[in-house]
Amino acid sequence: MVLSLIRFVHSLFMSSSLKKILFAVVLVAAFGGYVLYQRSQNIPSASAIATNNTPGAGGSGTPPQTEPNNPTSGTQLGTTTTTAANSTETVSYKDGEYTGPVTNAFFGNVQVKAVIKNGKLTDVVVLEAPNDRAMTIKITNDSMPKLKEEAIVAQSAKIDIISGATQTSEAYRDSLAAALAQAKV
Amino acid sequence: MGMPITVEVVDPYVTQAALDAVYDYFRSVDERFSVYKDTSEITRINKGLLTREEASTDMRSIFRLCEETKQLTDGYFDIRKPDGSLDPSGLVKGWAIFHAADLLDRLGFQNFFVDAGSDIQVRGHNTEDKPWAIGIKNPFDQTQIVKTMYLGQNEGVATSGTYIRGQHIYNPKAVQQGPITDIVSLTVIGSNVYEADRFATPAFAMGKEGIRFIERINGLEGYQIDKHGIATMTSGFEKYISS
């Protein structure tokens, strides 16, 4: 298993596709680093720098030439926009209460209301839940046909994956246990 | 969390970078949601160092989904433990696997599985171009398989079980009755691993009636094994047992 993984990694290094991937990663990292640097100089930022004024940005390899303090035409001064690359914490909401649609959730309907205060989600209220209709989990024997039963028997079919209870955190306390990644080419 | 992760991608254009992205994602989920980490966000909330309003977007999403699941299961799903702390891992696991599979999907992969603590999301087909063959472990002899399921429609599978030493599942509405013992394993197949996983534990907490709960839900099938080694399956389960 380890041998085939080593062979796989070795064959990756020999292939030109890896070189292309590495080049693309370096490119994106350099570009991303430049964008982050620009944003750090600009609080609040006037517009998404990366989207403007960059001729053929994808393949050129050089950072955009825009001056951070001179927004290009078409952008509004004083508005704050967020770039997709960054964290979800930069998204904000308008204050108020918003009720979602009644949603079918297998067992009945669910409807929730989101409460926004100071631009952040502060509460979720469940307006309608299946139990409102007195549809409970107590299921009597005469309400459904008898389900099929069988004695379990060891099987020898060829399988790809096993599902069953596993050891949890006591046994694997330090982050994730060594994972086995198989990529069959 | 803290469990083994296995990712297998069949598509020949898979890269180490793609696999690394999946593991990095699981690592970040663990950093946020593991109740065994002193610095995780959930631990800080449980210690009162962080309020739920101050929590991250992901954490608040999870709380919302847990509340919804609690309503749907009439309280059999409950992230509040007997000691009063919150542990959302019963939902986070399936949610995280689902998002990891989505990550691979967005990278263009079509045939793979993601397995975390033996809850599994499959996509496409296996290396022989056939549905993924998943074996259910024998609760009484973990070297054996007692049932094989064939999944070829991007389903998810989750198994709740209590046959690992030290693991117990309680009915959160009747903790004083002690752990569930009349059944030892419940495997749920859903349209995706998030749905399968979030219903597997509360169904188990219902004991022998759990399989009937799964039967009542459209889109879920189940295979339950009781303490005597008798299995009960939902009426639609048999469609998964022939390849």
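The values are calculated or read from the model by the stated rules, or taken from the named source; none is laboratory data. Remember, predicted model here, so these are calculated numbers, not experimental data. Glycine gets a Cβ as well: all are built from the backbone with ideal geometry, and neighbour counts include every protein chain shown. Note: accessible area is taken over every heavy atom of the protein model, side chains too, but ligands, DNA and RNA are not part of it. Shrake-Rupley method; radii C 1.70, N 1.55, O 1.52, S 1.80 Å.
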Q.
Over the Cα atoms of region B:171-243, what radius of gyration and what Dmax do you get, in Å?
A. 12.2, 44
Q.
Sort B:Asp197, B:Asp87 by heavy-atom solvent-accessible area, probe 1.4 angstrom, most to least.
A. B:Asp87, B:Asp197
Q: Could you order B:Lys93, B:Lys227 so the one with the most accessible surface comes first? Probe is 1.4 Å.
A: B:Lys227, B:Lys93
Q: With 10 Å bins from zero, work out the P(r) of region B:59-135 over every alpha carbon pair and list the percent per bin.
A: 17, 37, 28, 16, 3
(Q) Viscosity 1.002 mPa s, temperature 20 °C: what is the translational diffusion coefficient of region B:9-122 from Stokes-Einstein with a Kirkwood Rh over Cα pairs, rounded to a whole number of µm²/s? (A) 139
Q.
Which one, B:Ser242, B:Ile225, B:Tyr170, projects farthest toward the positive side of the charge dipole computed for region B:163-243 from Cβ point charges (K/R +1, D/E -1)?
A. B:Tyr170
Q: Pairs of Cα atoms under 8 Å, at least six residues apart: use those to get the relative contact order of region B:1-139, whole percent.
A: 29
**Q.** Net charge dipole size for region B:1-127 [Lys, Arg +1 and Asp, Glu -1 on Cβ; Debye, nearest 20]
**A.** 240
Q: Could you work out the relative contact order of region B:115-176, using alpha carbon pairs under 8 angstrom and six or more residues apart, expressed as a whole percent?
A: 33
Q. So which GluC sites (Glu not before Pro) in region B:48-118 are both in a DSSP loop and have at most 16 other Cβ atoms within 10 Å of their Cβ?
A. B:Glu53, B:Glu54
Q) Given Cα pairs under 8 Å that are at least 6 residues apart, what percent is the relative contact order of chain B? A) 17
Q) What is the gain in length, in nm to one decimal, between B:Lys130 and B:Asp20 on full extension, counting 0.36 nm per residue of separation less the C-alpha to C-alpha distance? A) 37.0 nm
Q: Leaving ligands, DNA and RNA out of it, work out the accessible area of A:Thr166 with a 1.4 Å probe and give it in Å² to the nearest 10.
A: 30
Q. Sorting B:Thr57, B:Thr187 by accessible area (1.4 Å probe), largest first, what list results?
A. B:Thr57, B:Thr187
